[in-house]
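Below is one structure, written out as structure tokens; the observations come after it.
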């Protein structure tokens with residue numbers, strides 16, 4: 001869609017900043033891929049676009065996780081933050097800035113906001129008593145808890161906490177929030193209705209400081225005896241403006257009025273209630289849009305480490321290709337609804353949509369262009385195919401209408417109508433018969449039309465599948481285009497032969513890790529196993545980082561092993577009679593990485609270190625040379 005000169009040509013896209021209590025999972029990847037899609041799309045429109053992502057690193061849960069691993073909170077947060085950043089870099093995520101809430105400029109911005117809110121009378125000192133969920137970093141009233149007293153969001157046990165606290169006057173902004181919702185800032189609309197119902201029931205003032213732990217941003221100019229730490233959500237949400245320079249040079253704050261937040265449905269309340277209230281208190285504009293997506297399940301089942309069905313975005317992207325992974329997540333599920341991740345469905349998308357529809361169309365165009373015109377086409381298409389040109393433009397217009405409504409799967413469905421049309425035109429006009437009847441000019445015009453169709457389609461899919469789009473541009477002898485060029489027709493194409501875009505995949509290539517949960521429940525009476533059974537074992541190279549004897553046992557040693565996951569695995573092994581723990585530190589070993597966690601002498605063991613034993617001795621099985629931690633053994 002063309003933009004007039006007086007329309008704003010900036011856009012600001014944000015993901016949540018991801019909490020560093022664990023390594024990235026498919027939900028993190030989904031949010032980030034959508035944000036990357038929007039960044040690339042708005043760039044195609046000619047907008048100056050700023051894309052922000054990062055990590056949320058403060059809070060009691062981080063402090064506890066660091067302590068359990070023998071690290072400082074900063075060491076632990078830095079380690080996990082780098083795992084996120086390296087994954088986004090590997091997946092080609094085009095973020096403009098990666099923020100950490102431990103960055104000094106962010107800390108200054110949060111403290112400035114606290115002072116301004118306090119000066120306005122929106123922050124006051126009181127005492128808080130409520131049920132606190134460490135996992136969600138959230139307070140709940142007794143009536144909000146589940147019947148068993150668990151957190152209403154994650155179900156985990158809560159703690160009854162009573163402490164001195166500063167409060168934010170959230171109730172003061174109830175009417176202004178309800179008025180803002182009338183502008184329809186939240187998509188899908190049913191998510192907005194949920195928020196309106198929540199706010200309409202009445203808002204309570206919000207506790208925004210804690211005094212029972214230290215890992216966080218202290219309130220500015222503390223003079224009281226108790227040490228107050230700013231509530232993790234006030235801290236975290238401020239990242240959206242601190243990254244633009246709020247409280248300092250503010251050199252990028254002009255992006256703020258065009259902000260689009262991407263969030264999971266579980267954190268919508270924080271972004272659609274607390275955050276806009278904070279902004280109203282600071283006299284800052286409210287976000288333009290908040291897009292809230294659903295969760296991903298695995299074969300209809302909630303993902304869980306304990307049953308081994310968690311989808312690893314890095315592993316999946318590497319095995320099946322980044323573009324296929326991106327396409328599947330964007331196309332498979334209507335935005336806002338929960339999705340069911342299935343490797344069968346992913347392979348079906350590859351073989352049907354990508355290989356049959358798109359890849360086959362490109363192959364046919366290149367093949368016929370080479371056979372009839374030596375890969376060089378030149379023709380004006382309007383004379384021969386005016387109706388088909390109109391069909392193409394109508395499909396493009398329909399596709400572009402889906403983006404403002406956050407209907408990303410519908411957008412791709414519309415774009416795919418182009419490729420269906422292209423294959424249909426080949427069947428309808430039969431270029432081989434046109435050549436047989438000496439209609440060379442019409443044949444060349446048809447192939448030129450198909451090249452234009454494919455070129456426009458490549459422009460439209462480039463935000464979703466950037467690498468594949470570049471290959472199509474190369475095959476057509478064209479450079480990357482823009483939205484403006486969708487309404488023009490190219491008369492010359494110098495095609496290039498390329499390898500097939502999307503080779504067919506066999507369903508036997510489904511990740512073995514997805515069969516683990518079922519295999520763990522099956523019993524076998526045979527001593528012989530099939531190769532497929534062996535492949536259920538996830539064998540990896542790991543490095544022993546820490547080793548010590550288990551108190552009260554003369555057999556067990558406790559290891560911290562780096563498997564390249566961004567955190568160390570704790571593994572308990574009965575080899576104390578054969579090895580001094582200190583001599584093993586720094587040594588690489590072979591590990592069974594997908595065993596169900598077990599408890600030995602009160603310690604959780606998250607795998608098995610492989611060894612070989614005869615009647616005289618026991619030796620650890622190690623790689624012959626140094627390999628990257630996490631390397632698969634097969």
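Throughout, read-outs are computed from the coordinates displayed, never taken from laboratory work. None of these values were measured; they are calculated from a predicted model. Counting neighbours? That spans all protein chains shown, and the Cβs are built from the backbone with ideal geometry, glycine included.
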Subject >> Residues listed by number, the stretch 127-141, amide nitrogen under 11 Å from residue 223 label point at 7 Å toward C-beta >> reply: none
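Determine the gain in length on full extension of the stretch residue 310-residue 405; use 0.36 nm per residue of separation and subtract their C-alpha separation, reporting nm with one decimal. If you can, show how the numbers build up before the last one.
On the way: separation 95, 0.36 × 95 = 34.20 nm, distance 3.02 nm.
The residue 310-residue 405 span can extend by a further 31.2 nm.
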Original post:
Pulled fully out, how much extra length does the chain show between residue 577 and residue 142, if you take 0.36 nm times their separation in residues and subtract their Cα-Cα distance?
Top reply: 151.3 nm
**OP:** List the relative contact order of the chain as a percent without decimals, with contacts defined as Cα pairs under 8 Å and 6+ residues apart.
**Re:** 12
**OP:** Can you tell me the order of 406-419, 202-215, 244-257 when each peptide is scored by its average per-residue count of other Cβ atoms within 10 angstrom, highest first?
**Re:** 406-419, 202-215, 244-257
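Can you work out the FRET efficiency for the pair residue 389 and residue 179, with r the C-beta to C-beta distance and R0 = 45 Å, to the nearest 0.05? Please report the intermediate quantities before stating the final value.
Working: r = 46 Å, r/R0 = 1.03.
The pair residue 389/residue 179 has a calculated efficiency of 0.45.
With an 8 Å Cα cut-off and a minimum separation of 6 or more residues, compute the relative contact order for the stretch 537-633 in percent.
Values: 223 pairs, mean separation 32.9, N = 97.
Taking the mean separation of contacting Cα pairs over the length of the stretch 537-633, I get 34 percent.
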Original post:
How high is the FRET efficiency from residue 599 to residue 67, r the C-beta distance, R0 22 Å, rounded to 0.05?
Top reply: 0.65
Original post:
Ranking 626, 99 by Cβ neighbours within 10 Å, fewest first, what do you get?
Top reply: 626, 99
Original post:
Separation of the stretch 318-358 and the stretch 208-235 by C-alpha centroid, Å?
Top reply: 45
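Would you order 460, 401 from fewest to most other beta-carbon atoms within 10 Å of each residue's own beta-carbon? Walk me through the numbers before you get to the answer.
Values: 460 25, 401 14.
Taking fewest neighbouring Cβ atoms as first place, the list is 401, 460.
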Original post:
Once label points are set 7 Å from the Cα along Cα→Cβ at both residue 135 and residue 622, what is their separation, rounded to one decimal in nm?
Top reply: 4.0
Original post:
Over the stretch 137-255, with a single point scatterer placed on each C-alpha, what log10 of the ratio I(q)/I(0) does the Debye formula yield at q = 0.12, 0.23 1/Å?
Top reply: -0.64, -1.33
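To check you understand DSSP bridge types, tell me what percent of the beta bridges within the chain (both residues inside) are antiparallel, rounded to 5. Please report the intermediate quantities before stating the final value.
Numbers: 50 of 74 bridges.
That works out to approximately 70 percent antiparallel.
Would you work out the relative contact order for the stretch 10-294, in percent, from Cα pairs under 8 angstrom that are 6 or more residues apart?
Numbers: 478 pairs, mean separation 62.9, N = 285.
That works out to 22 percent.
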Original post:
In what order do 609, 219 fall by count of nearby beta-carbon atoms within 10 Å, going from fewest to most?
Top reply: 219, 609
Original post:
In Å, the Kirkwood hydrodynamic radius of the chain over pairs of distinct alpha carbons?
Top reply: 27.8
Subject >> Point-to-point label distance, residue 197-residue 288, nm (Cα→Cβ direction, 7 Å offset) >> reply: 3.0
Original post:
Rounded to the nearest 0.05, what FRET efficiency do residue 9 and residue 548 have when you use their Cβ-Cβ distance and R0 = 51 Å?
Top reply: 0.30
**OP:** Along each of the three principal axes of the Cα atoms of the stretch 537-633, give the extent in whole Å, ordering the values from largest to smallest.
**Re:** 33, 30, 24
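So if each residue of separation counts as 0.36 nm, and I subtract the Cα-Cα distance between residue 345 and residue 78, what length gain in nm does that give?
Details: separation 267, 0.36 × 267 = 96.12 nm, distance 3.61 nm.
Full-extension gain reported as 92.5 nm.
Where does the stretch 10-294 land on Rg(C-alpha)/(2.2 N^0.38 Å)? Show your work: numbers first, answer last.
Details: Rg = 18.2 Å, N = 285, 2.2 N^0.38 = 18.8 Å.
Compared with the compact-globule rule of thumb, the stretch 10-294 sits at 0.97.
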